[in-house]
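A.B. asks: Sharing a structure below in structure tokens format, with a few things to ask.
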Amino acid sequence: MIPNLKPETREKVQAGAPPKGTWFGRIVVGLMVVFTLLPIVWLAYSSFIPKEALFKPDVTIPVGFTFQNYLELPFKELIRPLLLSLLLSSIVAGLQVLIALPAAFAIRAGTNVLPLYLFLLSVPAELLLVPLYGLLKDLNLLNNPLALVLPFLASPFTVFLLYGGVVKLPWAYVEAAKLDGATNLQILSKVIAPLLKPEMTAASVLAFAAHWNLVLYPKIVLNDKNWATVQVALTEMLQKDPNNWGALGAAAMLTSLPILVLYALFERRVTRVIEGGLK
Amino acid sequence: MISNSPKSKEARFRLAPAWWGVIPSLLALTLFIAYPLIQVFQISVQKYSIVYEGFAGLDNYARMLADPNVGRSLLLTLIFGLCTLPLFVGLATLCAIELEGTRLERVVKAILFLPSLWTIGASAIGWYTLYEPDYGMLATLTGGFLRLPWHDKGWAGIALIVLFTIWQNVGYGTLIVSAGLKSIPTEVFEAARVDGATEIQLRRLIVLPLLRPSLVFLAVVGSLYAIQSYTAVLLLTQGGPFGSTRVVGYLIYETAFGTAPNLGYGAALSVLILALAFTFSAFQARALKSDL
């Protein structure tokens with residue numbers, strides 16, 4: 001009870017509020033949260049189940065707790081792909097934002113190619129798998145890690161996201177910098193980039209996750225065990241031994257760690273940019 | 001000259017200062033999206049299994065018309081879309097409206113969005129060991145009561161992929177609706193309450209109509225999930241049981257890169273789906289235009 005809040009003030013705040021929730025809605029949201037967290041919580045739990053427990057008739061009774069599953073994760077089949085993916089996805093995320101930023105600026109400054117980007121954005125990339133494979137073959141890039149970098153250098157989505165940020169900046173800053181004799185490159189690096197940090201962060205996180213979560217594409221263009229990415233490694237582990245819950249859970253948790261860390265650090269920026277970019 | 005309005009209606013192509021900024025991006029996009037988009041037509045008229053074997057004319061297209069798998073796969077994708085879309089839009093809208101202005105809004109939205117970024121191979125492991133019908137955790141725990149028999153029932157296979165798609169994307173949808181909801185001016189609710197509207201009426205007669213642009217946008221995004229669902233299919237059901245989850249994206253993958261690779265035929269299938277997707281999005285663009 002807040003005593004100094006006058007009844008009429010409280011009423012006024014309420015009058016403009018969105019409609020109150022219903023008990024039905026609350027139950028549905030509650031169920032959605034459970035549904036969303038269940039697989040993740042289960043993975044975390046299963047990663048600590050000792051191997052012996054899986055052969056007991058009822059695995060539901062907590063039978064122990066062990067770090068063994070994590071310690072036994074194979075280097076060649078899992079850790080190496082994990083490190084490779086970390087490296088490649090980081091490079092792609094960084095380059096994508098670096099290439100998209102000047103493009104977004106140029107479009108805002110008046111080079112009217114936005115419709116072209118919107119068109120390219122609407123092409124479902126999965127339908128270009130066959131010709132892309134042919135192209136990479138002609139370029140001799142099959143089974144070469146560059147096949148996982150070059151086609152992702154530019155992303156219409158990233159350009160669009162950054163453009164959404166540039167549009168919101170007061171253009172007077174750019175005009176002022178111009179009057180002071182700044183070159184376009186200086187404006188880009190000293191005015192636009194610092195102001196666009198939230199969008200650039202969100203774009204990098206989303207670009208990283210999108211590249212990180214490719215499954216089919218690396219399977220096709222890097223058909224070589226030495227260049228397995230983290231998703232290919234996980235898929236293979238699951239198909240080889242779907243009953244080894246402890247090892248699978250540990251592998252899943254370890255490979256989710258980079259995403260968890262990124263999300264813990266930048267969740268606010270990512271969700272804000274997605275919400276704000278559509279107004 | 002620097003244009004002050006980013007939405008200048010001038011149709012003619014124009015170079016403005018800093019135009020060079022688009023060059024690296026456009027070069028990469030031309031090589032890796034625009035060029036393949038043209039080449040897919042070229043490959044579709046070639047006899048091309050693993051290596052190029054010559055011109056095929058319209059053979060690949062003729063084969064497509066005679067292939068019962070194609071029609072089945074298209075129908076399946078349509079069914080998948082019709083199951084996913086209402087669930088996706090409905091749940092996202094309900095969650096957004098329900099969470100708006102509550103204390104838990106931020107944390108719940110963050111939780112719901114998490115699966116869309118979560119390492120997808122790890123998600124697949126979680127889903128597989130949890131929902132596997134014979135020895136999975138849920139079936140074991142409930143003594144076979146909560147059990148989705150997706151190893152041998154077609155509908156269950158589709159249901160699994162639909163649920164996985166919802167699980168992955170409902171958080172994104174919630175964010176979109178939430179953004180639309182926040183842009184409704186508070187005066188609207190005030191005025192309606194003064195006029196004696198009940199909370200239910202507020203939702204039905206004020207919130208939902210004003211959310212229309214967000215909902216149309218969600219419908220556009222959501223219908224793309226039908227084309228993109230092949231990753232979930234690859235991870236969980238591999239097209240089974242008995243081809244009942246072989247959505248078009250997966251069919252192309254199987255045809256072009258499966259056990260009997262045929263790039264030419266795969267390209268012809270890609271052309272068909274591209275044509276359907278573009279026709280569909282042209283209709284949607286019209287719907288969007290009248291709404292935004």
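Please treat every number below as a calculation from the coordinates, not as lab data. All values reported here derive from a predicted model rather than from experimental measurement. Virtual Cβ from ideal backbone geometry, glycine too; neighbours counted across all protein chains shown.
A.B. asks: Out of the residues in the range A:254-266 meeting the condition of being buried (at least 17 other Cβ atoms within 10 Å of the Cβ) and more than 7 Å from chain B (Cβ to nearest Cβ), tell me which one is nearest to residue A:50 (Cα to Cα).
C.D. replies: Restricting to residues being buried (at least 17 other Cβ atoms within 10 Å of the Cβ) and more than 7 Å from chain B (Cβ to nearest Cβ), the top hit is A:254.
A.B. asks: Could you tell me whether the range B:105-116 includes any residue that is acidic (Asp, Glu) and within 27 Å of residue A:133 (Cβ to Cβ)?
C.D. replies: Scanning the range B:105-116 turns up no residue that is acidic (Asp, Glu) and within 27 Å of residue A:133 (Cβ to Cβ).
A.B. asks: Being more than 24 Å from residue B:22 (Cβ to Cβ), more than 7 Å from chain B (Cβ to nearest Cβ) and either not in a loop (DSSP other than H, G, I, E, B) or not β-branched (Val, Ile, Thr) (or both) is the requirement here; does residue A:77 meet it?
C.D. replies: So residue A:77 passes the test.
A.B. asks: Could we say that residue A:191 is touching a Phe, Trp or Tyr at 6+ places or on another chain (Cβ under 6 Å), without any contact (Cβ under 8 Å) to a residue 40 or more places away in the chain, in a helix (DSSP H, G or I) and of a type outside the set (Asp, Glu) here?
C.D. replies: The answer is yes for residue A:191.
A.B. asks: Can you name the residue in the range B:110-167 that is surrounded by fewer than 16 Cβ atoms within 10 Å (Cβ to Cβ) and within 18 Å of residue A:249 (Cβ to Cβ) and, of all such residues, is farthest from the other protein chains (Cβ to nearest Cβ)?
C.D. replies: Looking at the filtered set, the residue picked out is B:135.
A.B. asks: If you don't mind, another one. Can you pull out every residue in the range B:168-203 that is small (Gly, Ala, Ser), at the interface with chain A (Cβ under 7 Å from one of its Cβ atoms) and surrounded by fewer than 19 Cβ atoms within 10 Å (Cβ to Cβ)?
C.D. replies: Once the filter is applied, which keeps residues that are small (Gly, Ala, Ser), at the interface with chain A (Cβ under 7 Å from one of its Cβ atoms) and surrounded by fewer than 19 Cβ atoms within 10 Å (Cβ to Cβ), the range B:168-203 yields only B:183.
A.B. asks: Kindly establish whether residue B:191 is within 25 Å of residue B:211 (Cα to Cα), out of contact with any helix residue (DSSP H, G or I) (no Cβ under 6 Å at 6 or more places or on another chain) and not in a helix (DSSP H, G or I).
C.D. replies: No; evaluated as a whole, the condition is false for this residue.
A.B. asks: Within the range B:110-135, how many residues turn out to be under 20 Å from the mean Cα position of the chain (by Cα) and of a type outside the set (A, V, I, L, M)?
C.D. replies: Matching residues across the range B:110-135 total 8.
A.B. asks: Given the criterion farther than 30 Å from residue B:258 by Cα, of a type in the set (Lys, Arg) and surrounded by fewer than 21 Cβ atoms within 10 Å (Cβ to Cβ), identify the matching residue among A:190, A:240.
C.D. replies: After applying the criteria, what remains is A:190.
A.B. asks: Still on this structure, I have one more. What number of residues within the range A:208-227 are away from chain B (no Cβ under 11 Å) and of a type in the set (Gly, Ala, Ser)?
C.D. replies: Of the residues in the range A:208-227, 0 are away from chain B (no Cβ under 11 Å) and of a type in the set (Gly, Ala, Ser).
A.B. asks: Do any helices (runs of 4 or more DSSP H) lying entirely in the range B:206-292 carry at least 2 residues that are of a type outside the set (Asp, Glu), within 30 Å of residue B:95 (Cα to Cα) and within 12 Å of chain A (Cβ to nearest Cβ), and which ones are they?
C.D. replies: B:212-228, B:230-236, B:263-291
A.B. asks: What's the number of the only condition in (1) closer than 18 Å to residue A:92 by Cβ; (2) within 10 Å of chain B (Cβ to nearest Cβ) that residue A:200 fails to meet?
C.D. replies: The single condition residue A:200 does not satisfy is (2).
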